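Taking it in order: structure first as structure tokens, then the write-up.
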Amino acid sequence: MCYVWFATGWISLALGVAGVPLPLLPTTPFLLLAAFAFAKSSPRFHAWLIDHPQLGPPIRDWEQRRAIGPRAKLAAMVALACSLTVSLAFGVDYRILAVQAVILLAVAAFILTRNSA
């Protein structure tokens, strides 16, 4: 089982790092998953990730205070709005749009009600 967590940590880390330059791929959720997986499988890599100068701060904010930074909140809101806008532009069926809008609103509410880092 330790190998599964370790592999999950590396895959999540790779996706999180890929999300830095890619606008619609979220970075922080994948980094949080990587930190969780490394905490289960490798204290060494968990410590490395937490102490990383660029990747560590949002993870520490979440682990210590359940906080999301203002820039991350803004980026998340922009990404949510863009995804709904793209669906509208492609003429997605209104029922699917309704489900998507409800889910995106729930995600937005969760993000906006977290403490700010």
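No value in this document is a laboratory result; all are computed from the given coordinates. Note that the structure is predicted; figures quoted are calculated from it, not measured. Note that each Cβ is placed from the backbone with ideal geometry, even for glycine, and that neighbours are counted across all protein chains shown.
Residue pairs whose Cβ atoms lie under 7 Å apart, separated by 6 or more positions or on different chains, with the first residue in the range 27-51 and under 8 Å from Trp5 (Cβ atoms) and the second surrounded by fewer than 19 Cβ atoms within 10 Å (Cβ to Cβ) and among the β-branched types (Val, Ile, Thr), are Ala37/Thr8. Residue by residue through the range 69-87, note down the ones that are more than 25 Å from Leu31 (Cα to Cα), surrounded by 11 or more Cβ atoms within 10 Å (Cβ to Cβ) and out of contact with any Leu (no Cβ under 7 Å at 6 or more places or on another chain). Of everything in the range 69-87, just one residue is more than 25 Å from Leu31 (Cα to Cα), surrounded by 11 or more Cβ atoms within 10 Å (Cβ to Cβ) and out of contact with any Leu (no Cβ under 7 Å at 6 or more places or on another chain), namely Val86. Could you go through the range 96-103 and let me know if any residue there is crowded, with 16+ Cβ neighbours inside 10 Å and under 24 Å from Gly9 (Cα atoms). Among the residues of the range 96-103, not one is crowded, with 16+ Cβ neighbours inside 10 Å and under 24 Å from Gly9 (Cα atoms), which makes the answer no.
Is it the case that some residue within the range 33-49 is of a type outside the set (A, V, I, L, M), buried (at least 17 other Cβ atoms within 10 Å of the Cβ) and within 12 Å of the chain's Cα centre (by Cα)? No, the range 33-49 has no match at all. Exactly one residue among Ile96, Ile111 is touching a residue at least 40 places away in the same chain (Cβ under 8 Å), assigned to a helix (DSSP H, G or I), farther than 30 Å from Cys2 by Cα and of a type in the set (A, V, I, L, M), and that residue is Ile111.
Residues in the range 1-47 that are under 23 Å from Arg66 (Cβ atoms) and among the basic types (Lys, Arg): 1 in all.
Note on the range 71-101: residues that are among the β-branched types (Val, Ile, Thr) and under 28 Å from Asp61 (Cα atoms) total 1.
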